[in-house]
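Notes follow once the structure below has been shown.
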Amino acid sequence: MAFDKSVFVNCPFDADYLSLLRPIVFCVYRLGFQPRIASERLDGGEPRIEKIIELIESSRYAIHDLSRIRARTAGELFRLNMPLELGLDIGCKRFKGEDDGPWRGKKCLILETERYRYQAALSDLSNSDIAAHGDDPLQAFTAVRDWLDQEARLDADGPARLWDQFTDFMADNDEALLARGFSRRNIDALPLSSLMRSMEAWIEAHPA
């Protein structure tokens, strides 16, 4: 898979985050890139951290959502996977980039729910450019579109048009799955890897 077209997506994979993750992944595909996600390979014998390192090394771009760094209820532990993977990505650029290889040109987008909340947990990121999405799918989608458009110099269609394409895909995909005997519960629980294959096929059938 081409390094320059790969986008590592470091986001929560819980059910509550799916409303943001689906449009983020669709946006990456629609703009001509390949999202790389840890769940794309389900080999239980492969150490997860090794897979993540491989994905980071093979991707010029990365999206890191830190919106789960704050626990929601008393006694709940906050999530450290996303900050860890962001650190690995920064380290990859810093240390591998010294060899004048492709990693010198790595780019990352950092997302959060609130623009400055991350500073209480990750003060070393102070003065970093953080995009806040307010847990709103359209805002997250737009942040990803604007970032890729700028960093890859795409001159992409506007977020409103791309969002309409995402909603068209979701409606078409639901209709197709229902016709194949999937229940609403089945569709809601569809593995992300299956949804990604459907996105690829739909985009191929609906060129920009």
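Would you call Phe33 open to solvent by 40 Å² or more (accessible area, probe 1.4 Å), among the aromatic types (Phe, Trp, Tyr) and either within 27 Å of Ala132 (Cβ to Cβ) or at pLDDT 95 or above (or both)? Criteria not met by Phe33. Residues that are out of contact with any helix residue (DSSP H, G or I) (no Cβ under 6 Å at 6 or more places or on another chain) and part of a helix (DSSP H, G or I) were ranked within the stretch 147-161; the one that is surrounded by the fewest Cβ atoms within 10 Å (Cβ to Cβ) is Ala160.
Quick one: would you say Ile63 is modelled with pLDDT of 90 or more and β-branched (Val, Ile, Thr)?
Yes; evaluated as a whole, the condition is true for this residue.
Residues being open to solvent by 40 Å² or more (accessible area, probe 1.4 Å), closer than 23 Å to Ala38 by Cα and either touching a Pro at 6+ places or on another chain (Cβ under 6 Å) or charged (D, E, K, R) (or both): count how many of those fall in the stretch 162-193. So the answer is 1.
Restricting the stretch 36-59 to residues that are part of a helix (DSSP H, G or I) and open to solvent by less than 40 Å² (accessible area, probe 1.4 Å) leaves a set whose member that is modelled with the lowest pLDDT is Ser39.
For the subset of the stretch 1-17 comprising residues that are closer than 16 Å to Met196 by Cβ, open to solvent by 40 Å² or more (accessible area, probe 1.4 Å) and hydrophobic (A, V, I, L, M, F, W, C), which member is modelled with the lowest pLDDT? Among them, the one singled out is Met1.
Here Gln165 qualifies as of a type in the set (S, T, N, Q), in a helix (DSSP H, G or I) and closer than 11 Å to Arg30 by Cα.
The values are calculated or read from the model by the stated rules, or taken from the named source; none is laboratory data. The model shown is predicted, which means the values in this text are computed figures rather than measured ones. We place every Cβ from the backbone using ideal geometry, glycine too, and count neighbours over all the protein chains shown. Areas reflect the complete protein model, heavy atoms only, side chains present, ligands, DNA and RNA absent. Shrake-Rupley method; radii C 1.70, N 1.55, O 1.52, S 1.80 Å.
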